[in-house]
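Engineer: Please find one structure pasted underneath; my questions will follow.
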Amino acid sequence: MIISWLYMSLAIILEIAGTTCLKLSDGLSNLVPSIFVVVFYVTCFSFFAAALKKLNLSLAYAVWSGVGTVGITFIGLLWFHEQLTWAKIVGLTFVAIGLVTLNFTKVAEERS
């Protein structure tokens, strides 16, 4: 099970890298970042598929997309100088609450 979470972590990191390169590719018009988009996403989905062999689909997808969203938001704020708005703060808070809720639901299901 630990290896599945390692695969999930790698999938998240690669998804964030792929999304960042997608921004840097300027609509896929810059060749090098565009190539990295494909490489990062193919590798990301490979690790995500490996993680799904042992992880619950609903929890895995929520973690992958939620942590990826939070990660890419911080990349946007720090690297691309996007604005931090109250809407982003509220949205990220709801993502965090959702992830915690799903984790507690999973723990409760495993105990019953």
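The values are calculated or read from the model by the stated rules, or taken from the named source; none is laboratory data. For clarity, every value in this text was computed on a predicted model and none was experimentally measured. Note that each Cβ is placed from the backbone with ideal geometry, even for glycine, and that neighbours are counted across all protein chains shown.
Conditions tested, residue by residue: (1) modelled with pLDDT of 95 or more; (2) assigned to a helix (DSSP H, G or I); (3) not polar (S, T, N, Q).
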{"site": "Val42", "(1), (2), (3)": "yes, yes, yes"}
{"site": "Ser46", "(1), (2), (3)": "yes, yes, no"}
{"site": "Lys53", "(1), (2), (3)": "yes, no, yes"}
{"site": "Val63", "(1), (2), (3)": "no, yes, yes"}
{"site": "Thr69", "(1), (2), (3)": "no, yes, no"}
{"site": "Ile75", "(1), (2), (3)": "yes, yes, yes"}
{"site": "Val95", "(1), (2), (3)": "no, yes, yes"}
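Engineer: Output yes when any residue across the stretch 27-39 is among the aromatic types (Phe, Trp, Tyr), over 24 Å from Thr85 (Cβ atoms), touching an Asp or Glu at 6+ places or on another chain (Cβ under 8 Å) and part of a helix (DSSP H, G or I), and no when none is.
Structural biologist: No: the stretch 27-39 contains no residue that is among the aromatic types (Phe, Trp, Tyr), over 24 Å from Thr85 (Cβ atoms), touching an Asp or Glu at 6+ places or on another chain (Cβ under 8 Å) and part of a helix (DSSP H, G or I).
Engineer: Only one of Cys21, Cys44 is in contact with a Gly (Cβ under 7 Å, 6 or more places away or on another chain) and buried (at least 17 other Cβ atoms within 10 Å of the Cβ). Can you tell me which?
Structural biologist: After ruling out the rest, the residue left standing is Cys44.
Engineer: Looking at (1) crowded, with 17+ Cβ neighbours inside 10 Å; (2) touching a helix residue (DSSP H, G or I) at 6+ places or on another chain (Cβ under 6 Å), which one does Leu28 not meet, given that it meets all the others?
Structural biologist: (1)
Engineer: Tell me whether the stretch 18-39 contains one or more residues that are acidic (Asp, Glu) and either at pLDDT below 95 or in contact with a Pro (Cβ under 9 Å, 6 or more places away or on another chain) (or both).
Structural biologist: Scanning the stretch 18-39 turns up at least one residue that is acidic (Asp, Glu) and either at pLDDT below 95 or in contact with a Pro (Cβ under 9 Å, 6 or more places away or on another chain) (or both).
Engineer: Among the residues in the stretch 80-87, are any modelled with pLDDT of 95 or more and buried (at least 17 other Cβ atoms within 10 Å of the Cβ)?
Structural biologist: Checked against the condition, which is being modelled with pLDDT of 95 or more and buried (at least 17 other Cβ atoms within 10 Å of the Cβ), the stretch 80-87 yields no hits at all.
Engineer: What is the one condition in (1) within 14 Å of Val67 (Cα to Cα); (2) modelled with pLDDT under 95 that Ile12 does not satisfy?
Structural biologist: (2)
Engineer: Next question, about the same structure. Could you please let me know if Thr101 is part of a helix (DSSP H, G or I) and either closer than 19 Å to Tyr41 by Cα or in contact (Cβ under 8 Å) with a residue 60 or more places away in the chain (or both)?
Structural biologist: Considered against the rule, which asks whether it is part of a helix (DSSP H, G or I) and either closer than 19 Å to Tyr41 by Cα or in contact (Cβ under 8 Å) with a residue 60 or more places away in the chain (or both), Thr101 comes out as no.
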